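Take a look at the structure below.
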Amino acid sequence: MAIKITDECINCGACEPECPNNAIYEGGVEWAMADGTSIKGGFVMMDGSTIDADQRNAPIAVDSYYIVPNKCTECQGFHEEPQCAAVCPVDCCVPDEMYQETVDDLLAKKEKLHM
């Protein structure tokens with residue numbers, strides 16, 4: 001499962017530089033699949049839709065940091081635990097129950113992001 005940032009976020013920004021997939025953005029900032037990844041051209045999202053990797057997308061949250069689920073691998077293949085959760089001073093980086101993924105799914109996602 002991807003990680004999400006809850007409403008308890010205090011906007012300290014500790015999580016953002018720790019993400020190996022560049023999946024964490026400051027509230028109000030647009031995101032793209034290409035940011036911090038090797039993705040080029042079209043990318044098939046988890047919902048089956050396809051977007052251009054360089055396309056700037058609307059922020060998922062405006063008032064606090066957020067995680068793009070399509071880029072989150074829970075740090076599988078990089079670290080023993082999600083780094084955002086490890087550094088968060090208020091424990092607001094938690095599993096996102098909307099995205100059920102196995103370790104194999106997360107590792108496959110990592111491979112797609114960093115070919």
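Here are the numbers:
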| item | result |
| --- | --- |
| Residue list for region 98-108, restricted to those being assigned to a loop (DSSP other than H, G, I, E, B) and surrounded by 15 or more Cβ atoms within 10 Å (Cβ to Cβ) | Tyr99, Glu101 |
| Residue match in region 31-38 (condition: surrounded by fewer than 15 Cβ atoms within 10 Å (Cβ to Cβ), closer than 23 Å to Gln76 by Cβ and hydrophobic (A, V, I, L, M, F, W, C)) | no |
| Residues that are under 22 Å from Glu111 (Cα atoms) and touching a helix residue (DSSP H, G or I) at 6+ places or on another chain (Cβ under 9 Å), drawn from region 55-79 | Ile67, Asn70, Lys71, Cys72, Thr73, Glu74, Cys75, Gln76, Gly77, Phe78, His79 |
| Number of the exception - Ala14 against (1) surrounded by 20 or more Cβ atoms within 10 Å (Cβ to Cβ); (2) touching a Pro at 6+ places or on another chain (Cβ under 9 Å) | (1) |
| Wholly enclosed strands (runs of 3 or more DSSP E) of region 1-97 bearing at least 1 residues without any contact (Cβ under 8 Å) to a residue 24 or more places away in the chain and of a type outside the set (Ser, Thr, Tyr) | 42-44, 50-52 |
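Bear in mind these aren't lab numbers, they're just calculated from the coordinates by the rules spelled out. Remember, it's a predicted structure, so these values are computed and weren't measured experimentally. Reconstructed Cβ throughout: ideal geometry from the backbone, glycine too, with neighbour counts over all protein chains shown.
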